[in-house]
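Structure record follows, encoded as structure tokens.
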Amino acid sequence: MKLPKFKSQAFFAPMAGISDPAFRTLCAEMGAGLVVTELTSINAIVAKEKILKKDGKKISEFIEFSEKERPISIQLFGSDIKLLSKSAQIVEPYFDIIDYNMGCPAPHITNQMAGAALLQKPDLTKKIFTTLINAVDKPITLKMRTGVNNSDCYLWKPVAKIAEDCGISMITLHPRTIKQGYSGKADWNMIKELRSVVNEQVKVVGNGDITKPEDAKKMIEQTGCNYIMIGRGAMGNPQIFSQINSEMRSERWSETTFEEKKKTLHKYLELTKKYPTIKFASIRTQAMQFTKGIKGGKELRNKIARAQTMQEIKEKFK
Ligand SMILES: Cc1cc2nc3c(=O)[nH]c(=O)nc-3n(C[C@H](O)[C@H](O)[C@H](O)COP(=O)(O)O)c2cc1C
């Protein structure tokens, strides 16, 4: 299935608690080519839809988003085949892409045979991809880690071939194993290998350890990947997308100033008011991210950690 047109090669990663609709909107406005929701349970989608339907409401009240984010992808997790098909059909009308999670290393996900645990189950994986492709007309993409331990860090390779055979449109690789968590360095050579393993129709997204615009350019040059995805480097720093876009065009860009950070945080706080599903604790965590790299950031972070209202956050960040 054809992917939508992306305005930029730099995508915003799915991040639980971070990739909320307000923050995704900021990333899209600042030049992210694609934004992805945080991982969403297929069980929860099916259960919620039933409840919402009774009240004449739609699933978009559970998974909030805005038109300003397009193109937008929804990331699903879970391996119950019936629920997979049903959940994909429920979300299909609202999203441009459906992404499947085979990267989450968290035990509460891997223990239910979901996330990165599926890298060990090629037969089930094939069934999952086929089910998704047959269930909907929107493009299906995959995001994965490399393996479980160091000894099986090439589990991604057969999975990539299965994905290609089944008709997956795009694969994002975060080249770390489950065991690695976020330690060590992402092995960008594996992204290069992935690019050579699957045919050109399957787009490859490189992910892992892009923290500054120069890294983005370097990853594309070193690996030949089609797109790049930024997670932690964008936390409290959506400006990274406009900076990367400038870097790609070999244009000058400048570091984000304190004033710009403040303005962006205030805009984020305003945007969150539109989305009842965003909890105050998450908003506060996001606000703390905006203090990274600024003078006196640690003290400011401590102050924000104690804030009890959005107004208090605003007053402290000035
Ligand atoms: C707080 C946090 C939450 C995350 N949640 C998700 C998620 O919901 N789905 C997913 O595929 N990856 C998730 N990830 C992984 C990121 O999408 C990304 O693959 C990883 O952080 C490596 O990229 P980076 O070095 O640019 O951060 C999460 C990462 C972090 C730090």
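The values are calculated or read from the model by the stated rules, or taken from the named source; none is laboratory data. Computed from a predicted model, the values in this text were never measured in an experiment. Virtual Cβ from ideal backbone geometry, glycine too; neighbours counted across all protein chains shown.
A few notes on this one:
- Within the range 52-69, being part of a loop (DSSP other than H, G, I, E, B) and more than 18 Å from residue 18 (Cα to Cα) holds for 55, 56, 57, 58.
- As a summary of the residue check, residue 50 satisfies the conditions (1) free of Cβ contacts under 8 Å to residues at least 12 places away in the same chain; (2) closer than 23 Å to residue 113 by Cβ except for the one numbered (2).
- Test for residue 55: is it over 16 Å from residue 128 (Cα atoms) and either surrounded by fewer than 23 Cβ atoms within 10 Å (Cβ to Cβ) or small (Gly, Ala, Ser) (or both): yes
- From the list 25, 40, the lone residue that is of a type outside the set (Lys, Arg), within 12 Å of the ligand (Cβ to nearest atom) and modelled with pLDDT of 95 or more is 40.
- Some residue of the range 55-62 being without any contact (Cβ under 8 Å) to a residue 60 or more places away in the chain, β-branched (Val, Ile, Thr), under 23 Å from residue 160 (Cα atoms) and away from the ligand (no atom under 13 Å from the Cβ): no
- Residue satisfying condition, being away from the ligand (no atom under 16 Å from the Cβ), part of a helix (DSSP H, G or I) and without any contact (Cβ under 8 Å) to a residue 24 or more places away in the chain, within set 200, 193, 221, 164: 221
For every residue, the table says whether it meets (1) within 18 Å of the chain's Cα centre (by Cα); (2) aliphatic (A, V, I, L, M).
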site	(1), (2)
2	no, no
18	yes, yes
30	yes, yes
40	yes, no
48	no, no
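- Complete set of residues in the range 70-120 that are among the β-branched types (Val, Ile, Thr) and under 22 Å from residue 20 (Cα atoms): 72, 74, 90, 91, 97, 98, 109
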